[in-house]
Amino acid sequence: MDYTGRVVRDSINDSLGSQYSRYLVPLITHRKTKGEVFSLDVDAAEMGNESRFINDYRGTGSPANVVFERYFEPGGEMRVGVRTQLPVRKGHELLADYGEDYWRQVAAKKCAGTKLKRRATK
């Protein structure tokens, strides 16, 4: 199964801005010569298939049973697929390891939102 959604650009540079999404899966990341980072991600926040409901395994008591992997179609198109790494019984949840970078971005976004709310109430 593929992870589907809208392809967005530069979500790394704008991870706390307007393109912040909790449904991003990296497609490509390139470093430009001046230290700039260019990225393309698949964002399933507003569109996609059932793969957008795969949750992080933390706090579930179960291990991650799927991984997100980039691959190329025979025609050269890059995709993000969902592959099982452990057996998944019928009716059980698909769980992935979102990674530490994901959780750091979530924490930073929450912190930034709290600061904005405090300023607005003063």
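What to note about this one:
- Between Phe53 and Lys32, the C-beta separation translates, for a Förster distance of 41 Å, into a calculated FRET efficiency of about 0.75.
- Near-label residues of region 44-66 by backbone N, under 17 Å of a point 7 Å along Cα→Cβ of Lys110: 56-60
- Cβ crowding within 10 Å averaged over residues, with 87-95, 34-42 ranked highest first: 34-42, 87-95
- 16 Å Cα-Cα reach of Lys110 towards aspartates and glutamates, excluding residues that sit fewer than 8 places from it in its own chain: Asp14, Glu100, Asp101
- Applying 1/(1 + (r/R0)^6) with r as the Cβ-Cβ distance of Glu77 and Asp10 and R0 = 25 angstrom yields a FRET efficiency of 0.75.
The numbers here are math on the coordinates, done by the rules we state, and not lab data. Computed from a predicted model, the values in this text were never measured in an experiment. Ideal geometry is used to build each Cβ from the backbone, glycine not excepted, and the neighbour counts take in all protein chains shown.
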